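Enquirer: Structure incoming, see below.
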Amino acid sequence: MLKKLLLGPAAALVLLYVSAAPSLASSQVGQGSLFLDGHVVGTVVPPAQLAAGTGQDPFYEVTNGASGQLGIAGVGPGDAGAFHGGSWQVWTVTFNSGVTPYLLTSASAVAAAQAAGDVTVTRLADADFRCPITQQN
């Protein structure tokens with residue numbers, strides 16, 4: 001049931017976006033995975049760039065992570081008042097020199113790694129984008 005509730009609006013969003021932006025209709029829509037609260041979730045990645053600095057939902061991209069590292073959503077469906085449908089505010093996470101990279105699977109893991117001095121977290125406002133989370137496992 002939850003899968004249908006998430007997939008229906010996501011498909012409608014993709015169709016609406018493609019019909020509203022004919023010049024981008026030929027762009028390929030991708031699918032992927034990312035971490036959310038320690039779990040892998042699915043995404044649909046339409047070519048939807050946001051104006052720099054307008055993203056609302058934290059998204060962490062690890063630049064030099066461990067094998068198997070995925071992007072990390074800071075919030076997702078069900079986070080009342082905190083999730084804005086995948087209007088991603090991009091942050092890069094870089095393991096500091098001398099630290100052996102380890103898997104980060106949640107926003108709290110990123111915060112803990114930053115507090116421990118293991119990573120540097122930097123806002124990358126020009127990379128803000130929009131894409132929905134399509135499924136939660």
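Enquirer: Measuring with a 1.4 Å probe in the full set of protein chains, what accessible area per residue, in whole Å², belongs to the range 54-127?
Expert: Averaged over the residues of the range 54-127, the accessible area is 46 Å².
Enquirer: In percent, what relative contact order does the range 25-137 have, based on Cα pairs under 8 Å that are 6 or more apart in sequence?
Expert: 36
Enquirer: Which FRET efficiency value, to the nearest 0.05, is calculated for Thr100 and Asp79 with the Förster distance at 25 angstrom and r the Cβ-Cβ distance?
Expert: 0.20
The values are calculated or read from the model by the stated rules, or taken from the named source; none is laboratory data. Here the structure is a predicted model, which means the values were calculated and not measured. Note that each Cβ is placed from the backbone with ideal geometry, even for glycine, and that neighbours are counted across all protein chains shown. Areas reflect the complete protein model, heavy atoms only, side chains present, ligands, DNA and RNA absent. Shrake-Rupley method; radii C 1.70, N 1.55, O 1.52, S 1.80 Å.
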